[in-house]
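Written below as structure tokens is the structure these notes are about.
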Amino acid sequence: MKELTSAERRALKAQAHHLHPVIMIGEAGLTPAVLNEIDIALKSHELIKIRVLGDDRERRGRLDREICAALGASPVQHIGKILVLYRLRPEQPDDRKPAPRRGRKPRYRTKRSFQNR
């Protein structure tokens, strides 16, 4: 888990402001399936919001620390029932070929001959 500087945390909070929660943790708590979904979301988005259902404050704080420890993420913000987590996206191997590019569209031909001039 990387410790974020205050400037990094401020920038990430600004980016996270417009995000909606992608994961909801219910009464069952932090199951392996939920951890897997959080891992998948962090791999694809880097910065995610998590909504924790329930009224226990200590449980929400504990969940934040457990998720960060298990997945190597950094806590950005914890306001009420919303947790914001950040983890740098892993490097993609360069051995993948880029997708083939499609050719250009044929040029539009006019219907009238006087428009060609």
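The values are calculated or read from the model by the stated rules, or taken from the named source; none is laboratory data. Note that the structure is predicted; figures quoted are calculated from it, not measured. Positions of Cβ are backbone-derived with ideal geometry, glycine not excepted, and every protein chain shown enters the neighbour counts. These area figures cover heavy atoms from the full protein model, side chains too; ligands, DNA and RNA do not enter into them. Shrake-Rupley method; radii C 1.70, N 1.55, O 1.52, S 1.80 Å.
Overview of values
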| item | result |
| --- | --- |
| Under DSSP loop assignment and at most 12 Cβ neighbours within 10 Å, longest GluC sites (Glu not before Pro)-free interval of the chain | 28-90 |
| Dipole magnitude of the chain, debye to nearest 20 (Cβ charges: Lys/Arg +1, Asp/Glu -1, about Cα centre) | 1720 |
| Extension gain from Ile82 to Lys2, taking 0.36 nm per residue of separation minus the Cα-Cα distance | 26.8 nm |
| For the chain, calculated [θ]222 nm from helices alone, where every DSSP H run of n ≥ 4 adds -39500 (n - 2.57) | -11000 deg cm²/dmol |
| Calculated FRET efficiency for the pair Val22/Glu58, C-beta based, R₀ 22 Å, to 0.05 | 0.35 |
| Inter-label distance, nm, simple model (7 Å from Cα along the C-beta direction), Lys13/Arg102 | 4.4 |
| Heavy-atom accessible surface of the chain: percent carbon and sulfur, 1.4 Å | 51 |
| Nearby aspartates and glutamates by direct alpha-carbon distance to Lys81 (threshold 12 angstrom, same-chain neighbours under 8 apart not counted) | Asp55, Asp56, Glu58, Asp64 |
| Accessible surface of Ser6 - all protein chains present, 1.4 Å probe, nearest 10 Å² | 80 |
| Accessible area, probe 1.4 Å, largest first, for residues His17, His78, His45 | His17, His45, His78 |
